[in-house]
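Take a look at the structure set out below.
The values are calculated or read from the model by the stated rules, or taken from the named source; none is laboratory data. Because the structure is predicted, anything quoted here is derived from the model rather than measured. Here the Cβ positions follow ideal geometry from the backbone for every residue, glycine too, while neighbour counts run over all protein chains shown.
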Amino acid sequence: MKKIIGLSFLLAALTAVSLAPSPALAGCGDPPGPGVDWRNCNMSRQEMPGANLTKATLWQTNLNRSDIAGADLSEADANRALFLETRMPGASLDGGRFTYADFSRADLTGASLKGANLSRARFHNAILREADFTGADIRDADFFRADLRGALWIDGKRRCGEDSIGACR
């Protein structure tokens, strides 16, 4: 009798667990939207200009060669995301976490990176003209041959000069 009661209790518990609501996690096939979860997804070569990706989870997401011009990535969590050769002019990355992200050869002309965590991010040969880095964390970020002309630097006061290739001068 104890075995039957124990088995009945176990089945009831398993049924309750399987019927409990699970957290909604987006998949790689889900459309762009606020809070989308694309961690570890291959989203390369996508056309998403103006997309709202606020608070998106983009851990190790591949967005290489995509068009996300004017997109809103504010407060996105994009640790180790790939943005190689991605079109991002006018995009907002304000307050986002882009540690170890790779923006090599990306176009971030006029992008807003205010308060973004860009520590250890890579910007090799990226176009960052007129970008706004006010309050951004750029510790150990790599700007090798990046075009920073006219960018507003982290202090929010200094504009990078016409000779600002690889560093704000």
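Taking the criterion of being more than 20 Å from residue 104 (Cα to Cα), surrounded by 15 or more Cβ atoms within 10 Å (Cβ to Cβ) and either acidic (Asp, Glu) or at pLDDT 95 or above (or both), would at least one residue in segment 15-35 satisfy it? Talk me through it step by step, then tell me what you get.
Initially, segment 15-35 is screened for residues more than 20 Å from residue 104 (Cα to Cα), giving 15-35.
So of that shortlist, the ones also surrounded by 15 or more Cβ atoms within 10 Å (Cβ to Cβ) come out as 26, 32.
Next cut, either acidic (Asp, Glu) or at pLDDT 95 or above (or both) only: 32.
Yes.
Please determine, by comparing only the residues of segment 44-58 that are more than 12 Å from the chain's Cα centre (by Cα) and either at pLDDT below 95 or assigned to a loop (DSSP other than H, G, I, E, B) (or both), which one is nearest to residue 33 (Cα to Cα). If we take residues in segment 44-58 being more than 12 Å from the chain's Cα centre (by Cα) and either at pLDDT below 95 or assigned to a loop (DSSP other than H, G, I, E, B) (or both), then 51 is nearest to residue 33 (Cα to Cα).
Matching residues to (1) at pLDDT below 95; (2) charged (D, E, K, R); (3) under 16 Å from the mean Cα position of the chain (by Cα); (4) part of a loop (DSSP other than H, G, I, E, B):
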position	(1), (2), (3), (4)
60	no, no, yes, yes
65	no, yes, yes, yes
75	no, yes, yes, yes
89	no, no, yes, yes
135	no, no, no, yes
145	no, yes, no, yes
157	no, yes, no, yes
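Among the residues of segment 109-118, the ones that are part of a loop (DSSP other than H, G, I, E, B) and touching a Phe, Trp or Tyr at 6+ places or on another chain (Cβ under 8 Å) come to 4 in all. Go through the residues of segment 135-147 one by one and say whether even a single one is under 18 Å from residue 72 (Cα atoms) and buried (at least 20 other Cβ atoms within 10 Å of the Cβ). Yes; the residues of segment 135-147 include at least one that is under 18 Å from residue 72 (Cα atoms) and buried (at least 20 other Cβ atoms within 10 Å of the Cβ).
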